[in-house]
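Shown next, in structure tokens, is the structure this report addresses.
The values are calculated or read from the model by the stated rules, or taken from the named source; none is laboratory data. This is a predicted model, so every value here is computed, not measured. Every residue, glycine as well, gets a Cβ built from its backbone with ideal geometry; the counts of neighbours run over all protein chains shown. Note: accessible area is taken over every heavy atom of the protein model, side chains too, but ligands, DNA and RNA are not part of it. Shrake-Rupley method; radii C 1.70, N 1.55, O 1.52, S 1.80 Å.
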Amino acid sequence: MGTALSGRLQPGTPAPDFTLPDAAGKAVSLASYRGRNVIVYFYPKAATPGCTTEACDFRDNLASLQGSGYEVIGISPDAPAALAEFTGDFRLNFPLLSDQDNAVAVAYGAWGEKVLNGEITEGVLRSTVVIGADGSVTLARYQVDAQGHVATLRGELGL
């Protein structure tokens, strides 16, 4: 198990394209967002405390983010049914996508070693990648804190 630091995305590089199922099982492609700025965030597991905090933070700030020209997409290894439940329980107002084989998380550098309950394990690293209208990475942050992340992100984006 090695943390794939070399796999982390850098500003100016093209964002890897993906097509993943949403909570309803409908395919959503990054390419369909071309021409818009997109915040893609990776989280480990729906309905866990940190992931709920982060999702609700994005939910509560979505209108403001969209008003500044940013769409939001959340990606986790959860199955579409779990995403549907998470979306309904917390009235989430942006797409959550299912990356069950973690291929997109790996492509985005959002997969690696982490400590969970005192054990070193491998999994999704809470990460956020901002993609510009041209499809290139404008900002990439890895192993972010769930609490206050959107405020930090807004500051970094100058919003």
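Tell me which residues, restricted to the stretch 23-81, are open to solvent by less than 60 Å² (accessible area, probe 1.4 Å) and hydroxyl-bearing (Ser, Thr, Tyr). Quick ask: steps written out before the conclusion?
Quick first cut of the stretch 23-81, residues open to solvent by less than 60 Å² (accessible area, probe 1.4 Å) only: 23, 25, 28-31, 33, 35, 37-44, 46, 48, 50-59, 61-62, 64-65, 68-80.
Listed by number, the residues that qualify are Ser29, Tyr33, Tyr41, Tyr43, Thr48, Thr52, Thr53, Ser64, Ser68, Tyr70, Ser76.
The rows are residues; the columns are (1) within 12 Å of the chain's Cα centre (by Cα); (2) more than 19 Å from Pro77 (Cα to Cα); (3) among the β-branched types (Val, Ile, Thr).
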{"site": "Leu92", "(1), (2), (3)": "no, no, no"}
{"site": "Leu97", "(1), (2), (3)": "yes, no, no"}
{"site": "Ala105", "(1), (2), (3)": "yes, no, no"}
{"site": "Asn117", "(1), (2), (3)": "no, yes, no"}
{"site": "Ser127", "(1), (2), (3)": "yes, no, no"}
{"site": "Val130", "(1), (2), (3)": "yes, yes, yes"}
{"site": "Thr138", "(1), (2), (3)": "no, yes, yes"}
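In the stretch 55-69, is there at least one residue being within 17 Å of Ala105 (Cβ to Cβ), touching a residue at least 12 places away in the same chain (Cβ under 8 Å) and in contact with a strand residue (DSSP E or B) (Cβ under 7 Å, 6 or more places away or on another chain)?
The answer is yes, given that some residue of the stretch 55-69 is within 17 Å of Ala105 (Cβ to Cβ), touching a residue at least 12 places away in the same chain (Cβ under 8 Å) and in contact with a strand residue (DSSP E or B) (Cβ under 7 Å, 6 or more places away or on another chain).
Restricting attention to the stretch 63-93, and to residues there that are in a loop (DSSP other than H, G, I, E, B) and hydrophobic (A, V, I, L, M, F, W, C), which single residue is farthest from Val150 (Cα to Cα)? Walk me through how you get there before you give the answer.
If we filter the stretch 63-93 for residues that are in a loop (DSSP other than H, G, I, E, B), which is where we start, we get 68-69, 77-79, 90-93.
Filter once more, so that each one left must be hydrophobic (A, V, I, L, M, F, W, C): 79, 90, 92.
Working: Ala79: 25, Phe90: 17, Leu92: 15 Å.
Of everything passing the filter in the stretch 63-93, Ala79 is farthest from Val150 (Cα to Cα).
Which of the residues belonging to the stretch 123-144 are farther than 16 Å from Tyr43 by Cβ, open to solvent by 40 Å² or more (accessible area, probe 1.4 Å) and outside any loop (DSSP other than H, G, I, E, B)?
Within the stretch 123-144, just Thr138 meets the criteria.
Considering each residue of the stretch 82-100, count those that are surrounded by fewer than 16 Cβ atoms within 10 Å (Cβ to Cβ), in contact (Cβ under 8 Å) with a residue 24 or more places away in the chain and not polar (S, T, N, Q), and give that number.
Within the stretch 82-100, the subset surrounded by fewer than 16 Cβ atoms within 10 Å (Cβ to Cβ) is 85, 88-91, 93, 100.
Among the residues that remain, those that are also in contact (Cβ under 8 Å) with a residue 24 or more places away in the chain are: 85, 89-91, 93.
Filter once more, keeping what is not polar (S, T, N, Q): 85, 89-91.
Total satisfying the criteria: 4.
I'm trying to understand the selection: among the residues of the stretch 145-159, which are buried (at least 17 other Cβ atoms within 10 Å of the Cβ) and not in a loop (DSSP other than H, G, I, E, B)?
Matches in the stretch 145-159: His149, Val150, Leu153.
For Pro44, are the conditions met, namely being touching a Ser or Thr at 6+ places or on another chain (Cβ under 7 Å), within 29 Å of Asp134 (Cα to Cα) and part of a loop (DSSP other than H, G, I, E, B)?
It is true that Pro44 is touching a Ser or Thr at 6+ places or on another chain (Cβ under 7 Å), within 29 Å of Asp134 (Cα to Cα) and part of a loop (DSSP other than H, G, I, E, B).
So is Glu113 surrounded by fewer than 16 Cβ atoms within 10 Å (Cβ to Cβ), among the charged types (D, E, K, R) and touching a Leu at 6+ places or on another chain (Cβ under 9 Å) or not?
Here the answer is yes, as Glu113 does meet what is asked.
Out of the stretch 102-122, which residues are among the aromatic types (Phe, Trp, Tyr) and outside any strand (DSSP E or B)?
Tyr108
Return the pair list, or none, for Cβ contacts closer than 7 Å from residues in the stretch 15-40 that are under 17 Å from Asp101 (Cα atoms) and hydroxyl-bearing (Ser, Thr, Tyr) to residues that are in a strand (DSSP E or B) and open to solvent by 50 Å² or more (accessible area, probe 1.4 Å), at least 6 apart or on different chains.
Thr19/Ala27; Ser29/Thr19
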